[in-house]
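*Asks:* This is the structure, below, for whatever I ask next.
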Amino acid sequence: MLDAQTLRKDFPILSHQVYGKPLIYFDNSATTQKPRCVIEKIENSYYNVNANIHRGVHFLSQAATEAHEEARQAIQQFLNARSSNEIIFTRGTTESINLIASSFTDECVSPGDEIIVSVMEHHSNIVPWQIEAAKKDISIKVIPMNDNGELLLDEYEKLFSNKTKLVSVAHVSNVLGTINPIKEIIRIAHEHDVPVMVDGAQAVPHMKVDVQDLDAEFYAFSGHKIYGPTGIGVLYGKEEWLEKLPPYQGGGEMISSVSFEKTVFNELPFKFEAGTPDFIGSTALAEALRYVENIGMDNIAAYENDLLDYATRRLETIDGVRIFGKAPNKGAVLSFLVGNIHHYDMGMLLDRLGIAVRTGHHCAQPLMQRLGIEGAIRASFSFYNTHDEVDVFIDGLKRVIQML
Ligand code: PMP
């Protein structure tokens with residue numbers, strides 16, 4: 001078992017106080033805190049290796065290019081992708097999904113075709129498809145779930161037709177915590193010859209993800225949710241698919257030659273990386289991945305599981321609590337409501353006790369509609385959270401309930 005107390009010391013912000021109380025940071029699904037090595041990597045890059053990459057003959061540009069491309073290789077290894085050509089740097093999960101929604105539907109979809117998503121998707125895996133659906137006259141089918149928050153695979157199978165062109169689903173739900181049976185979902189899609197895009201925003205920070213083992217065509221995640229910086233993320237795509245798709249944006253870096261008569265696009269991965277990339281963020285992300293790999297993804301998953309079990313057991317002792325998401329296979333997310341208390345009021349009062357939780361619809365309004373609620377409180381955990389913090393949280397919750 002990892003030692004959370006020791007690891008906490010790597011995160012300067014965790015020793016902060018808010019309103020005179022020790023900060024208890026339970027908003028890790030929204031973004032994670034950064035270890036010192038990541039913060040120092042960013043600082044060090046600006047101090048020592050800041051120059052625009054790929055085009056420069058000078059020393060600094062070559063050093064920055066090397067660091068950026070090494071970061072790509074680190075991400076390739078982290079995901080166990082076959083080639084670094086399969087790793088595209090984006091701004092985050094949202095941009096990765098938008099890229100595929102745009103490029104895939106441009107190339108592979110005709111009017112009348114269908115895309116499958118699930119009822120538990122984040123808006124970033126719904127709205128990009130709706131935008132393309134409206135432009136290209138395609139429709140979106142939705143995989144339903146049961147009351148525990150598990151996708152109904154029988155119903156999923158029934159959604160396929162000869163018009164189905166892509167399945168796009170979350171690996172782990174940001175509200176319910178459900179770890180979807182993603183390999184099975186991919187296998188079923190492949191039986192119908194349909195490629196799969198996976199939103200891995202809530203999976204990659206919490207468990208080992210091997211893209212070759214999963215066999216998805218596309219997989220996305222965000223740097224800031226895995227202890228890396230904001231503004232950088234990754235799109236993994238199988239090389240043969242990325243070769244086939246048109247560029248998403250045009251500009252510098254993504255071309256091999258330009259004339260007013262004819263422009264030739266660059267090879268992978270640069271074809272999808274128009275403009276100056278975030279070469280500071282990429283190296284800091286690689287540093288974050290090294291950091292979690294040192295702890296061990298399996299150790300992180302085991303620790304967070306244990307913490308989730310403990311927090312769930314303690315939360316269940318509170319009268320009138322309703323927990324949303326009761327799948328047996330669940331990530332470290334607890335969404336709930338207590339009686340008729342408004343989630344916003346509860347979140348505000350918990351904040352006064354130094355406890356940071358998220359309230360609201362969590363960018364999943366269709367899921368809220370399915371659950372018959374407007375919003376919920378969400379506590380989401382990291383390996384740096386402790387059982388003691390859970391105790392303070394539960395005690396704080398009891399006080400807040402009494403006040404309300
Ligand atoms: N998908 C899921 C499941 C998420 O939880 C989030 C972030 N809350 C996103 C996508 C979007 O990630 P980002 O804002 O980093 O692009």
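The values are calculated or read from the model by the stated rules, or taken from the named source; none is laboratory data. All values derive from a computational prediction rather than experimental measurement. Glycine gets a Cβ as well: all are built from the backbone with ideal geometry, and neighbour counts include every protein chain shown. Surface accessibility is based on the protein's heavy atoms, side chains included, excluding ligands, DNA and RNA. Shrake-Rupley method; radii C 1.70, N 1.55, O 1.52, S 1.80 Å.
*Asks:* Report the local net charge at residue 207: Lys and Arg +1, Asp and Glu -1, summed over other residues whose C-beta lies under 15 Å from its C-beta.
*Replies:* Numbers: positive: 183, 208, 225, 330; negative: 199, 210, 213, 293, 298, 304, 306.
Neighbour charge sum, excluding residue 207 itself: -3.
*Asks:* Starting from the Cα of residue 162, step 7 Å along the direction of its Cβ; do the same at residue 345; then give the gap between the two resulting points in nm.
*Replies:* For the pair residue 162/residue 345, the computed spacing is 5.8 nm.
*Asks:* Additional query: Return the lysines within reach of residue 21: Cα separation strictly under 28 angstrom, same-chain partners fewer than 8 residues apart disregarded; answer none if there are no such residues.
*Replies:* Straight-distance partners of residue 21: 9, 34, 225, 398.
*Asks:* Taking the Cβ of residue 242 as the centre, find all other residues whose Cβ is under 13 Å away and add up their charges (Lys, Arg: +1; Asp, Glu: -1). Could you put the intermediate results ahead of the total?
*Replies:* On the way: positive: 82, 238, 244, 271; negative: 86, 107, 217, 239, 240, 243, 267, 273.
Net of charged neighbours comes to -4.
*Asks:* Let me ask something else about it. Provide the packing ranking of 319-331, 153-165, 196-208, i.e. peptides ordered by the mean count of other C-beta atoms within 10 Å per residue, highest first. Mind dumping the intermediate values first?
*Replies:* Details: 319-331: 16.3, 153-165: 13.8, 196-208: 25.5.
Result, highest mean Cβ count within 10 Å first: 196-208, 319-331, 153-165.
*Asks:* Run the reach check for residue 135 against aspartates and glutamates, Cα to Cα strictly under 20 Å, same-chain hits fewer than 8 apart removed. What comes back?
*Replies:* Output for residue 135: 95, 106, 107, 113, 114.
*Asks:* Note down the nm distance, to one decimal, between modelled labels 7 Å out along Cα→Cβ at residue 23 and at residue 136.
*Replies:* 4.2 nm
*Asks:* A follow-up question, please. Using the Cα centre of the chain as the reference point, and only Cβ charges (+1 on K/R, -1 on D/E), how large is the resulting charge dipole? Debye, rounded to the nearest 20.
*Replies:* On the way: 36 positive and 53 negative charges, 189 e Å.
That gives the chain a dipole magnitude of about 900 debye.
*Asks:* Follow-up question, since we're still on this one. Given a 1.4 angstrom probe, I'd like the percentage of the accessible area of region 98-230 that is carbon and sulfur, rounded to a whole number.
*Replies:* 47 percent
*Asks:* Could I ask something else about it? Would you work out which of 216, 227, 279 lies farthest towards the positive end of the dipole of region 39-293, given +1 charges on the beta-carbon of Lys and Arg and -1 on that of Asp and Glu, about the Cα centre?
*Replies:* My answer, from the dipole projection, is 279.
*Asks:* Which percentage, to the nearest 5, of the DSSP beta bridges contained in the chain is antiparallel? Don't skip to the answer; put the middle values down first.
*Replies:* On the way: 28 of 46 bridges.
About 60 percent, rounded to the nearest 5.
*Asks:* If you don't mind, there's one more thing I want to ask. Suppose each label sits 7 Å from its Cα in the direction of the beta carbon; what would the residue 187-residue 374 distance come out to in nanometres?
*Replies:* 4.4 nm
*Asks:* Applying the Karplus parametrisation 6.51 cos²θ - 1.76 cosθ + 1.60 with θ = phi - 60° to the phi angles of region 296-305, what ³J(HN,Hα) value in whole Hz is obtained for each residue in order, glycine and proline being reported as x?
*Replies:* Values per residue, Gly and Pro as x: x, 4, 5, 5, 4, 4, 5, 5, 5, 4 Hz.
*Asks:* Still on this structure: Can you list the HN-Hα couplings for region 4-12, worked out from phi with the Karplus curve (6.51, -1.76, 1.60; θ = phi - 60°), rounded to whole Hz and with x for Gly and Pro?
*Replies:* 4, 4, 6, 5, 4, 5, 6, 10, x
*Asks:* Non-local amide H neighbours of residue 152 (under 5 Å, H modeled in plane, Pro and chain starts lacking H): which ones?
*Replies:* 145, 146
*Asks:* I would also like to ask the following. Using a/c under 1.5 as the rounded threshold, could you call region 286-404 rounded, prolate or oblate? The axes a ≥ b ≥ c are square roots of the C-alpha gyration tensor eigenvalues, and prolate needs a/b larger than b/c, oblate otherwise.
*Replies:* Values: a/c = 1.85, a/b = 1.49, b/c = 1.24.
Since a/c reaches 1.5 and a/b is larger than b/c, the shape of region 286-404 is classed as prolate.
*Asks:* Amide H to amide H under 5 Å from residue 29: which residues, 5+ apart in sequence or cross-chain, H placed 1.01 Å off N in plane?
*Replies:* Amide H to amide H, under 5 Å and 5 or more residues apart or across chains, residue 29 pairs with 380.
*Asks:* Given the peptides 333-344, 21-32, arrange them by the average over their residues of other C-beta atoms within 10 Å, most packed first.
*Replies:* Numbers: 333-344: 18.8, 21-32: 20.3.
Ranking, from highest mean packing down: 21-32, 333-344.
*Asks:* In deg cm²/dmol, rounded to 500, what helix-only [θ] at 222 nm does the chain give when every DSSP H run of at least 4 residues adds -39500 (n - 2.57) and the total is split over its residues? Mind showing how you got there, number by number?
*Replies:* Values: 14 runs with 161 residues, N = 404.
Value at 222 nm, helices only: -12000 deg cm²/dmol.
*Asks:* May I pose another question? Express the Stokes-Einstein translational diffusion coefficient of region 118-263 in µm² s⁻¹, to the nearest whole number, given a Kirkwood radius over alpha-carbon pairs, 25 °C and a viscosity of 0.890 mPa s. The partial results should precede the final answer.
*Replies:* Details: Rh = 16.9 Å.
Value of D from the Cα-based Kirkwood radius: 146 µm²/s.
*Asks:* If you don't mind, there's one more thing I want to ask. Tell me, what is the per residue accessible area of region 39-293 in Å², probe radius 1.4 Å?
*Replies:* On the way: 10340 Å² over 255 residues.
Value for region 39-293: 41 Å² per residue.
*Asks:* When the expected Rg is taken as 2.2 N^0.38 Å, what fraction or multiple of it is the alpha-carbon Rg of the chain? Walk me through the intermediate numbers first.
*Replies:* Numbers: Rg = 21.8 Å, N = 404, 2.2 N^0.38 = 21.5 Å.
Compared with the compact-globule rule of thumb, the chain sits at 1.01.
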